[in-house]
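Beneath this line is the structure, given in structure tokens, with notes to follow.
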Amino acid sequence: MSVTTTATAPSSCPTNEIPEGLPIPNNVTYAVIPGHNASDPWMVNCCSPNPVHLVNDCWEWCEVPEATKKNRDDAQIVSVFGSCLRAEGRNSTESNGVQVRSASSYRPVPFAGLLLAALAACTLGLVV
């Protein structure tokens, strides 16, 4: 995968929020921050050996390295990844916030699972 960069941030890019539904693959555990330069050293260093990508010219994301994941849940990964970003010199006044999504949190619920849940709800009188 190639690294994409943009010289200047579009004026419409927020610096402190990450919207839901960004076009990022949901089969990987990833971290995303507000930013417009996929060469930002803090992101490159914290994502290594994985490449940094740019989405919608406003957000930088990468697959979280295995060493960072280390059997951690999303909250722990956010803490470790956020600490790395700060240690690598990220300026929180220019880019604030980090979001982590685990591939496991995107696993679809099988139809049989939904059917069993609906049946249980009906049996328990939870559905009217």
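List of remarks:
- Counted residue by residue at 0.36 nm each, then reduced by the alpha carbon distance between them, the extension gain from Thr93 to Val28 reaches 20.6 nm.
- Ordering of 58-66, 78-86 by packing [mean C-beta count within 10 Å, highest first]: 58-66, 78-86
- Modelled label positions at Asp73 and Ile18, each set 7 Å beyond Cα in the direction of Cβ, lie 1.8 nm from each other.
We did not get these values from a lab; they are worked out from the coordinates using the rules stated. Keep in mind the model is a prediction, meaning the values are calculated, not measured. So basically every Cβ, Gly included, is an ideal-geometry build from the backbone, and we count neighbours across all protein chains shown.
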